Amino acid sequence: MSAVLEINPTQEVAGAPAIAASLKEASVKFGAFTAIDRLSIDIEEGAFYTILGPSGCGKSTMLRLVSDLIPAASGEVSIFGKPTEEARIAREFAFVFQDAALLPWRTALQNVELPLEIGRKRGIKLPVSDKTPTELLELVGLKGRENALPSELSGGMRQRVAIARALVCQPKLLLMDEPFGALDEMTRDHLNLQLLKIWKETGVTVLFVTHSIPEAVFLGQKVMMLQAHPGRLREIVDIDLPEDRTIELRDTQEFTKYSAYLRKILETC
Amino acid sequence: MALASTNSAEQVDIDIEARRVERRKKMYAAALPIGTAIALIVIWQLGVRLFDVPTYIAPAPSDVAYTFVDKFPILMVNFWPTFYESILGFLFGNFFAIVIAIAFVHSKNVEKAFFPIAVFINTIPILAIAPILVLIFGPGLTAKVVIAALICFFPTLVNMVRGLQAVSPQSLELARILSASKSEIFWKIRLPSSLPFLFSALRIAATTCVIGAIVGEWVGADLGLGALIIDSTFNFNSPLLYATVFMSSGLSVCLFAAVAIAERLIIRW
Ligand SMILES: Nc1ncnc2c1ncn2[C@@H]1O[C@H](COP(=O)(O)OP(=O)(O)O)[C@@H](O)[C@H]1O
Ligand SMILES: [Mg+2]
């Protein structure tokens with residue numbers, strides 16, 4: 001498989017894409033337990049990364065590290081060259097959780113508006129998407145459900161609201177932790193296509209954790225394979241599939257080849 | 001196509017039938033306790049008349065009803081003080097409970113310092129502390145309000161603390177990603193999510209505050225439903241006693257209903 005390569009973060013190529021996020025020898029510890037061990041990677045701006053790895057290998061921890069939810073024990077993490085805290089305050093990234101984490105007393109629209117309300121009274125200037133919250137709900141296919149409460153929406157719809165909410169401050173980096181993990185196959189396929197459309201339209205850089213190999217191959221331009229005990233970067237696999245991805249792509253030979261290859265390395269992680 | 005339409009027509013029939021069954025069930029559920037109550041009253045009436053029970057031991061329901069109408073002005077004169085004492089006690093007791101709950105959640109040290117005291121106050125039987133409060137505050141309105149407030153205080157405090165802490169960890173992570181301030185987290189997340197807990201405490205308080213006011217009046221008052229209960233008991237005026245008791249429970253029911261309606265209007269999720 002020629003598409004496989006090891007990224008060397010110190011290697012600077014002229015005309016190379018800008019770096020959205022960069023981890024340099026970053027480690028995360030929970031007490032004496034090392035969840036992530038000296039992880040180094042440069043996330044290219046505008047790319048779609050999917051992250052695979054055995055359960056408990058530190059995928060969530062890595063996203064939480066990048067999003068400044070947990071500190072690095074050692075090493076450095078930066079987003080667009082800035083410390084993660086600064087990027088967080090400037091709303092340069094957004095996070096989509098596995099369960100949509102909507103506020104149940106707010107309607108779909110009010111949930112999407114939440115990020116705009118936070119910090120407004122304190123006079124903090126925030127980046128704002130050129131789309132209004134209503135348009136963002138339309139973008140994720142929820143036109144007409146603006147006034148529905150989360151309890152009135154299905155799991156897939158709630159996750160769409162969460163995606164619209166993530167986009168409302170025009171993030172440059174979108175972190176998604178198994179966002180479709182709890183959804184049925186059909187809904188997941190549909191949301192995958194929609195996410196790819198949004199990614200193309202907005203040019204946002206995506207880091208997408210999943211435990212599904214087909215999902216990782218289908219969405220990703222690059223698949224990051226992590227290994228467990230301790231959490232390390234095992235390999236980055238470039239997915240050389242056509243830009244315009246359709247569901248039928250899954251039945252092609254190349255697709256199956258990538259899946260089989262990833263399954264093989266996953267078994268040894 | 002034809003098959004589909006017959007199917008959906010059948011579906012509609014089934015839906016209507018299901019709704020009809022549902023409605024019948026609901027009516028039955030309401031009719032059963034009302035019917036039982038009426039039957040018990042009839043048995044009571046017949047029993048008192050058949051066995052010639054003296055009125056001062058047990059008045060017949062018809063005597064009570066007659067007194068209720070006949071003495072309605074006196075009942076109302078005594079109703080209002082109890083009403084004000086209950087309402088004021090409800091407002092003050094719950095207000096302080098909410099404020100102290102917020103302080104507890106804000107600072108662990110405040111909680112450690114004051115929670116044992118709150119528990120201690122809660123263990124004092126209200127009947128035991130009522131005379132002390134009447135001695136301190138005199139025979140006027142204040143003592144009754146304090147007693148009613150005291151009886152509301154503890155359940156609301158405990159529930160409110162639980163409610164404020166019942167925020168999902170993901171909501172808090174979302175708040176952190178949005179760099180929300182402590183007060184934004186409080187107003188936008190903690191407080192709304194505590195409301196269901198608060199209202200279940202307020203429903204308890206709606207009935208206990210009336211108990212507090214009446215107990216206060218027993219200890220020392222010239223006016224009020226509690227005073228009227230004592231008075232009619234000592235005068236062997238059973239019909240008036242029963243009518244007063246009926247009035248007191250009517251007050252509790254009204255306050256409870258008011259809280260339930262407010263809850264319905266505020267908590268829509
Ligand atoms: N808050 C925490 N405290 C202690 N250990 C943790 C914590 N969060 C995660 N871990 C541990 O770190 C490892 C990686 O967890 P995680 O990143 O959630 O894995 P996954 O790849 O399944 O998302 C696991 O072994 C987990 O038990
Ligand atoms: Mg995880």
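The values are calculated or read from the model by the stated rules, or taken from the named source; none is laboratory data. Since we're looking at a predicted model, the values are computed, not measured. Counting neighbours? That spans all protein chains shown, and the Cβs are built from the backbone with ideal geometry, glycine included. Ligands, DNA and RNA are excluded from the accessible area calculation, which covers all protein heavy atoms including side chains. Shrake-Rupley method; radii C 1.70, N 1.55, O 1.52, S 1.80 Å.
For region B:62-266, the fraction of 1.4 Å probe accessible surface lying on carbon and sulfur atoms is 76 percent. Here the 3J(HN,Hα) profile of region B:204-214, calculated from phi with Karplus coefficients 6.51, -1.76 and 1.60 at θ = phi - 60°, is 5, 4, 4, 8, 6, 5, 5, 4, x, 5, 5 Hz, Gly and Pro shown as x. Taken one residue at a time, the phi angles of region A:121-128 give Karplus couplings (6.51, -1.76, 1.60, θ = phi - 60°) of 5, 7, x, 7, 7, 10, x, 10 Hz. Gly and Pro are set to x. The distance between label points at residue B:80 and residue A:55 comes to 6.9 nm (points 7 Å beyond Cα on the Cα→Cβ vector). In terms of its alpha-carbon gyration tensor, region B:62-266 comes out prolate; a/c meets the 1.5 threshold, and the first ratio a/b outweighs b/c. Projecting label points 7 angstrom from Cα along Cα→Cβ for residue A:211 and residue A:170 puts them 3.8 nm apart.
Taking GluC sites (Glu not before Pro) that fall in a DSSP loop and have at most 12 other Cβ atoms within 10 Å as cut points, what is the longest piece of chain A between them? Write down the numbers at each step before the final one.
Details: sites that count: A:6, A:12, A:243.
Formally, the longest exposed-site-free interval is A:13-242.
Coupling constants for region B:231-238 follow from the phi torsions by the Karplus curve (6.51 cos²θ - 1.76 cosθ + 1.60, θ = phi - 60°), and in residue order they are 4, 5, 5, 5, 9, 6, 8, 4 Hz; glycine and proline get x.
Inter-part distance, region A:38-72 to region A:213-269, computed on C-alpha centroids, equals 16 Å.
Which value, in debye to the nearest 20, gives the size of the charge dipole of chain B about its Cα centre, when Lys and Arg are +1 and Asp and Glu are -1 at the Cβ? Don't skip to the end; give the middle numbers.
Working: 19 positive and 16 negative charges, 170 e Å.
Computed about the Cα centre, the dipole is about 820 debye.
Taking amide hydrogens as placed 1.01 Å from N in the peptide plane, the amide H of residue A:45 sits under 5 Å from those of A:18, A:19, A:20, each at least 5 positions away in sequence or on another chain.
In straight-distance terms, cross-link reach from residue A:257 covers every one of the aspartates and glutamates whose alpha-carbon lies under 18 Å from its own, apart from those fewer than eight places away in the same chain; here that gives A:215, A:235, A:238, A:240, A:243, A:248, A:267. With a cut-off of 10 Å between beta carbons, the residues surrounding residue B:214 carry a summed charge of -1, where Lys and Arg count +1 and Asp and Glu -1. Extending 7 Å from Cα along the Cβ direction at residue B:123 and again at residue B:23 yields two label points whose distance is 5.6 nm.
Summing Lys and Arg as +1 and Asp and Glu as -1 over all other residues whose Cβ lies under 12 Å from the Cβ of residue A:60 gives a net charge of -1.
Applying a threshold of 22 Å to the alpha-carbon distances of B:108/B:182; A:121/B:112; A:131/A:200 flags A:121/B:112 as lying beyond it.
Rounded to the nearest 500, the 222 nm mean residue ellipticity of the protein assembly as shown from helices alone is -19500 deg cm²/dmol, with -39,500 (n - 2.57) taken per DSSP H run of at least 4 residues. Within 10 Å of the Cβ of each residue in A:104-117, the mean number of Cβ atoms contributed by other protein chains is 3.
Normalising the average separation of contacting C-alpha pairs (under 8 angstrom, six or more residues apart) by the number of residues puts the relative contact order of region B:62-266 at 32 percent.
State the antiparallel share, in %, of DSSP beta bridges confined to the protein assembly as shown, rounding to the nearest 5. Numbers along the way, then the final one.
Values: 23 of 41 bridges.
In the protein assembly as shown, approximately 55 percent of DSSP beta bridges are antiparallel ones.
Overall form of chain A: oblate. Here a/c, set by the Cα gyration tensor axes a ≥ b ≥ c, is 1.5 or more, and a/b is not larger than b/c.
If you roll a 1.4 Å probe over chain A with all protein chains in place, what percent of the accessible area is carbon or sulfur? Spell out each step's value before the answer.
Numbers: 6020 of 11910 Å².
It is 51 percent, rounded to a whole number.
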